[in-house]
Amino acid sequence: MNIDEISDDEILKLDNQICFALYVSSKEIIRKYKPLLDPLNLTYTGYITMMALWERDDISVRELGKRLYLDSGTLTPLLKKLESIGYITRKRDSGDERRVTITLTSEGRELKKRAAHVPRELICSSDFDETSGIELLRLLHSHMPRRE
């Protein structure tokens with residue numbers, strides 16, 4: 001069926017919206033993370049931030065924001081919280097006061113070991129078989145915007 005052949009009433013149904021299906025699925029997956037992340041003192045956004053820093057430490061706030069698709073208004077309070085619990089440090093660049101570098105503390109690096117179980121437990125709690133999960137991830141990545 002061609003999209004032009006679908007009636008206006010049908011195309012405007014909530015359950016026929018890709019954005020709604022992604023929104024609901026995302027909320028459900030993030031909800032499943034909560035009991036896994038609470039013992040680590042992390043929110044979901046804190047968790048993805050730490051994962052990005054475990055991949056590449058000693059990074060500017062700007063670079064981290066690009067990596068996570070987060071603006072500074074969202075990232076700054078999150079980084080303050082991660083610093084207050086001892087996972088990161090923030091340091092202004094002496095050559096450029098506008099540039100702030102984020103570095104993992106030893107506790108932040110150690111957290112990686114404590115968090116290693118999280119992805120496996122989340123996968124086990126989902127309804128995806130391995131093939132479907134890999135295919136969905138591939139499809140979603142193919143539609144993500146490029147980072148500048």
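Only the coordinates and a few stated rules stand behind these numbers; no lab work does. These figures come from a predicted structure and were not determined experimentally. Cβ placement follows ideal geometry from the backbone for every residue including glycine, while neighbour counts extend to all protein chains displayed.
Considering the dipole of the chain built from charges on the beta carbon (Lys and Arg +1, Asp and Glu -1) around the Cα centre, which of Ile3, Val118, Gly108 is farthest to its positive end?
Result: Gly108, furthest along the dipole toward the positive end.
For Leu140 and Asn41 in one chain, what is 0.36 nm times their gap in residues minus the Cα-Cα distance, to one decimal in nm?
Working it through step by step, the gained length comes to 32.8 nm.
Once the Cβ-Cβ distance between Asp127 and Lys27 is put in as r, and R0 is 25 Å, what FRET efficiency do you end up with, to the nearest 0.05? Each step should come with its number before you reach the end.
On the way: r = 15 Å, r/R0 = 0.61.
That gives a FRET efficiency of 0.95.
Report the local net charge at Lys91: Lys and Arg +1, Asp and Glu -1, summed over other residues whose C-beta lies under 15 Å from its C-beta.
After counting each charged neighbour, the total is -1.
What is the distance in Å between the Cα centres of segment 82-148 and segment 60-78?
Rounded to whole Å, the Cα centres lie 12 Å apart.
As a test of the formula, what do you get for the chain when each DSSP H run with n ≥ 4 contributes -39,500 (n - 2.57) and the sum is divided by the residue count, at 222 nm and rounded to the nearest 500 deg cm²/dmol?
Value at 222 nm, helices only, nearest 500: -18500 deg cm²/dmol.
Beyond 18 Å, what share of the Cα-Cα pairs of segment 19-148 is found? Please give it as a whole percent.
The proportion of pairs with Cα distances above 18 Å equals 60 percent.
For segment 3-138, build the charge dipole from Cβ charges (+1 Lys, Arg; -1 Asp, Glu) around the Cα centre, then report which of Thr74, Leu14, Ser26 sits farthest towards its positive end.
Selected residue: Thr74.
Based on Cβ point charges of +1 for Lys and Arg and -1 for Asp and Glu, what charge dipole magnitude is obtained for the chain about its Cα centre, in debye rounded to the nearest 20?
1080
Holding the Cα-Cα limit at 24 Å, pick out from Lys32/Lys91; Lys27/Lys91; Lys13/Lys66; Lys34/Lys80; Lys34/Lys91 the pairs that are longer than that.
Those over the limit are Lys32/Lys91; Lys27/Lys91; Lys13/Lys66; Lys34/Lys91.
Considering amide H positions built from the backbone, and no H for Pro or chain starts, which residues 5 or more places from Ile88, or on another chain, come under 5 Å of its amide H?
Those qualifying (amide H under 5 Å, at least 5 residues apart or on another chain) are Glu83, Thr105.
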